[in-house]
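Here is the structure we will look at.
The values are calculated or read from the model by the stated rules, or taken from the named source; none is laboratory data. The structure presented is a predicted model; accordingly, all values stated were derived computationally and were not measured. Neighbour counts run over all protein chains shown; Cβ positions are idealised from the backbone, glycine included. The accessibility values were calculated without ligands, DNA or RNA, using every heavy atom of the protein model including side chains. Shrake-Rupley method; radii C 1.70, N 1.55, O 1.52, S 1.80 Å.
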Amino acid sequence: MPSFDIVTICPAMVTQALEAGVLGRAIANGTIRVTVRDLRDFTADRHRVVDDVPYGGGPGMVLKPEPLFRALDAIEAERSGPKTVILTSPQGRPFTQAAAERLSRIEHVVVLCGRYEGVDERVRTRVTEELSIGDYVLTGGELPALVVVDAVARLVPGVVGDEASIEGESFNRGLLDFPHYTRPAVVDGLSVPDVLLSGNHAEIRRWRKRQALARTLERRPDLLERAALDEEERIILQELQHDRLRGMWNGRMEGDHERD
Ligand code: 4FV
């Protein structure tokens, strides 16, 4: 059973977020195990101090190394075997779906949540991977840790009810997702593309491929360089690029809601 340890000075925030939805159910039914560790439990002083002023001066505080080292020692003492120790920080490599897939195959993942200006640099001697969820600065590493655990845990067999919803999702192959519609067929004069009401599954699959490619071409052409396209998708993409060049493609998505 894949297991996660999250080390944080805000355990309540993390625990609460883990109680919700798919993750909460998977933890409750034992499909995955997530242990939230309060960093203050690994301090040695009666004030449970986890931070200190930066050497060399400057604003803010830095997370002390010893409590983090003790937390990692305790986790390692509890659970032998290979583990990945992740530090979430803006200095990390961008977190991607591919990283989530790779981490979902690792038995034990530990996530250290930064706070204040960050962790003492010597903590990185115990870190195997540093990940960033985006080029912006948050108040803490807890939300990034939850992003990583959520994206990884949902890939663990049995966590998401319908595995097909994982395999089929576009991002798995590096594309943006196609538009989704559900009842009612018309709302505020906004209708559903006829093809989705046609019952013609071959046409529907083709339409979804075309929408995913068109949306990716328009919004994230960078993804197309790395996307694993099948033959049909390559042909559709050529058509889209051709239309685009011929200016026939006016940037409006075919799926955009025709007003009745
Ligand atoms: C972050 C990010 C992030 C930086 C200072 C925590 C904060 C504070 N982590 N992706 N973006 N971390 O902003 O992962 O210690």
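Of the residues making up segment 179-236, those that are over 21 Å from Thr96 (Cα atoms) and of a type in the set (S, T, N, Q) are Thr182, Ser191, Ser198, Asn200, Gln211. Note on segment 131-152: among residues that are within 7 Å of the ligand (Cβ to nearest atom) and closer than 20 Å to Thr35 by Cα, the one that is nearest to the chain's Cα centre (by Cα) is Pro144. Across segment 27-38, the number of residues qualifying as touching a residue at least 60 places away in the same chain (Cβ under 8 Å) and in contact with a Pro (Cβ under 7 Å, 6 or more places away or on another chain) comes to 1.
Scanning segment 73-130 for residues that are touching a Phe, Trp or Tyr at 6+ places or on another chain (Cβ under 6 Å) and either closer than 17 Å to Asp38 by Cα or near the ligand (Cβ under 10 Å from one of its atoms) (or both) yields one hit, Val109.
Kindly evaluate Leu112 against the criterion of being part of a strand (DSSP E or B), crowded, with 21+ Cβ neighbours inside 10 Å and at pLDDT 95 or above. For Leu112, the condition - part of a strand (DSSP E or B), crowded, with 21+ Cβ neighbours inside 10 Å and at pLDDT 95 or above - is met. Annotation: of all residues in segment 1-22 being modelled with pLDDT under 95 and among the hydrophobic types (A, V, I, L, M, F, W, C), the one that is nearest to Val85 (Cα to Cα) is Met1. Pairs linking a residue in segment 72-96 that is in contact (Cβ under 8 Å) with a residue 12 or more places away in the chain to a residue that is surrounded by fewer than 15 Cβ atoms within 10 Å (Cβ to Cβ) and hydroxyl-bearing (Ser, Thr, Tyr), with Cβ atoms under 6 Å and 6 or more positions apart or on different chains, are Thr84/Thr128; Val85/Thr128. Of the set (1) open to solvent by 80 Å² or more (accessible area, probe 1.4 Å); (2) more than 30 Å from Glu76 (Cα to Cα), all apply to Glu121 but (2).
Can you spot a residue in segment 153-170 that is within 15 Å of the chain's Cα centre (by Cα) and within 16 Å of the ligand (Cβ to nearest atom)? No; the residues of segment 153-170 include none that is within 15 Å of the chain's Cα centre (by Cα) and within 16 Å of the ligand (Cβ to nearest atom).
Got at least one residue in segment 27-42 being open to solvent by 60 Å² or more (accessible area, probe 1.4 Å) and more than 18 Å from Val111 (Cβ to Cβ)? Show your work before the answer.
Taking segment 27-42 as the starting set, the residues that turn out to be open to solvent by 60 Å² or more (accessible area, probe 1.4 Å) are 28-29, 40-41.
Filter again for more than 18 Å from Val111 (Cβ to Cβ), leaving 28-29.
Checking segment 27-42: at least one residue is open to solvent by 60 Å² or more (accessible area, probe 1.4 Å) and more than 18 Å from Val111 (Cβ to Cβ).
Among residues of segment 115-143 that are over 23 Å from Leu103 (Cα atoms), those with a beta-carbon under 8 Å from a residue that is within 8 Å of the ligand (Cβ to nearest atom) and of a type in the set (Lys, Arg) at least six positions away or on a different chain give the pairs Thr139/Arg115.
Condition check for Phe178 on (1) within 16 Å of the ligand (Cβ to nearest atom); (2) touching a residue at least 24 places away in the same chain (Cβ under 8 Å); (3) not in a strand (DSSP E or B): one failure, at (1).
From the list Ser80, Ser104, the one residue that fits, being touching a helix residue (DSSP H, G or I) at 6+ places or on another chain (Cβ under 8 Å) and either buried (at least 19 other Cβ atoms within 10 Å of the Cβ) or within 30 Å of Gly158 (Cβ to Cβ) (or both), is Ser104. Met61 falls short on exactly one of the conditions (1) within 30 Å of Leu155 (Cα to Cα); (2) surrounded by 13 or more Cβ atoms within 10 Å (Cβ to Cβ); (3) out of contact with any Lys or Arg (no Cβ under 8 Å at 6 or more places or on another chain), and that condition is (1).
Please work out if Leu68 is touching a helix residue (DSSP H, G or I) at 6+ places or on another chain (Cβ under 6 Å), open to solvent by less than 10 Å² (accessible area, probe 1.4 Å) and more than 13 Å from the ligand (Cβ to nearest atom).
On the way: touching a helix residue (DSSP H, G or I) at 6+ places or on another chain (Cβ under 6 Å): yes; open to solvent by less than 10 Å² (accessible area, probe 1.4 Å): yes; more than 13 Å from the ligand (Cβ to nearest atom): no.
Against the criterion (touching a helix residue (DSSP H, G or I) at 6+ places or on another chain (Cβ under 6 Å), open to solvent by less than 10 Å² (accessible area, probe 1.4 Å) and more than 13 Å from the ligand (Cβ to nearest atom)), Leu68 does not qualify.
Evaluated against (1) open to solvent by 30 Å² or more (accessible area, probe 1.4 Å); (2) modelled with pLDDT of 90 or more; (3) of a type in the set (A, V, I, L, M), Leu245 falls short on exactly one condition, (2). Output the residues belonging to segment 121-158 that are among the acidic types (Asp, Glu) and not in a helix (DSSP H, G or I). Those that are among the acidic types (Asp, Glu) and not in a helix (DSSP H, G or I): Glu129, Glu130, Asp135.
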